[in-house]
Amino acid sequence: MEIILLGPQGSGKGTQAARLARQRGLVHLATGEILRAARRAGTELGNLAASYLDAGQLVPDAVMIDLVRQEIRSAPGGVCLDGFPRTLAQAQALDETLAELGRPLDLAVALELPEAMLLERISGRRVCTGCGAVYHIVYAPSRVPCVCDACGGRLEQRSDDQPEAVAQRLRLYREKTAPLLDYYARDRRLREVDARGDVEEVYRRIDALLPVSS
Ligand code: ADP
Ligand code: AMP
């Protein structure tokens, strides 16, 4: 199964994609986390992406398309994409790649959340500097404050979750990514989901749209 989660920053894509991937045996392909991990590891990709990440700018399409092509090829059991595609060129390249592989997209799920709730989720988000696990200071706190439950790493706020970068990222979302909702709606691949409520509630709404798992 091939699924995309769309939606603005803070709508819960990463949280839901991780869960969906675990339940459905898919690879969770989170492009933002791949780039942050590359930066932590100091790879060529990480160094290239660093300035874009901090400024809340999009990494160039050619880099992202190459990256995702490779990742999809090495996940023959299916992917749940989170953070890709973000532009029309990325969406078209994704369709081409999936067509070449004979693995058409099953569904694009768009998470919808009012702006005030996006900002509340983003401002409370904390991520592990060791493994990238995601927490929220109110809604998903770690057992010990500032310490990752999974690996014991230190939790911190993402540099691009500071108000200035957030405003820039939400602007870019509206300008470049929101038009993709029409792209997927045109041939009935889009399903819109209310992303209010707790993680379990939202998960049940998404799960109800997918084929029954065996
Ligand atoms: P995205 O990947 O769309 O940017 P995340 O999955 O990282 O969003 O979620 C943003 C923040 O909101 C995180 O801190 C996460 O723990 C929290 N969060 C995610 N889903 C919910 C929810 N349903 N209710 C409350 N907080 C949530
Ligand atoms: P995210 O974790 O999805 O919020 O992504 C964090 C950052 O990674 C973005 O602000 C971009 O700088 C970069 N990024 C992630 N995915 C993409 C993409 N598909 N295209 C361009 N840049 C991306």
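One decimal place: the segment residue 43-residue 115 gains 22.5 nm when fully extended, by the rule 0.36 nm per residue minus the C-alpha distance. Extension gain, residue 196 to residue 210: 0.36 nm times the residue separation minus the Cα-Cα distance gives 3.1 nm. The DSSP beta bridges internal to the chain are antiparallel in roughly 30% of cases. With bins 10 Å wide beginning at 0, the percent of Cα pairs of segment 1-142 falling in each bin runs 11, 40, 38, 10, 0.
Legend: calculated FRET efficiency, residue 51 to residue 178, from the Cβ-Cβ distance at R0 = 22 Å, rounded to 0.05, equals 0.35. In order along segment 199-211, the Karplus-derived 3J(HN,Hα) couplings, from 6.51 cos²θ - 1.76 cosθ + 1.60 at θ = phi - 60°, round to 4, 5, 4, 5, 4, 4, 5, 5, 4, 5, 8, 9, x Hz, and Gly and Pro are given as x.
Here the gap between residue 146 and residue 22, fully extended at 0.36 nm per residue and compared with their Cα-Cα distance, gives a gain of 42.1 nm. The spacing between segment 1-78 and segment 132-168, judged by their C-alpha centroids, is 18 Å. Taking only the C-alpha atoms of segment 105-153, Rg followed by Dmax gives 13.7, 40 Å. Working ranking of peptides 71-77, 88-94, 59-65 by packing, defined as the average number of other Cβ atoms within 10 Å per residue, highest first, is 88-94, 59-65, 71-77.
Summing charges over all other residues whose Cβ lies under 11 Å from the Cβ of residue 1, with Lys and Arg as +1 and Asp and Glu as -1, gives 0.
Restricting the calculation to Cα atoms, segment 140-209 yields a radius of gyration followed by a Dmax of 17.1, 47 Å.
Every number in this text was worked out from the coordinates using simple rules, so none of it is lab data. Since this is a predicted model, take the numbers as computed values, not measurements. Counting neighbours? That spans all protein chains shown, and the Cβs are built from the backbone with ideal geometry, glycine included.
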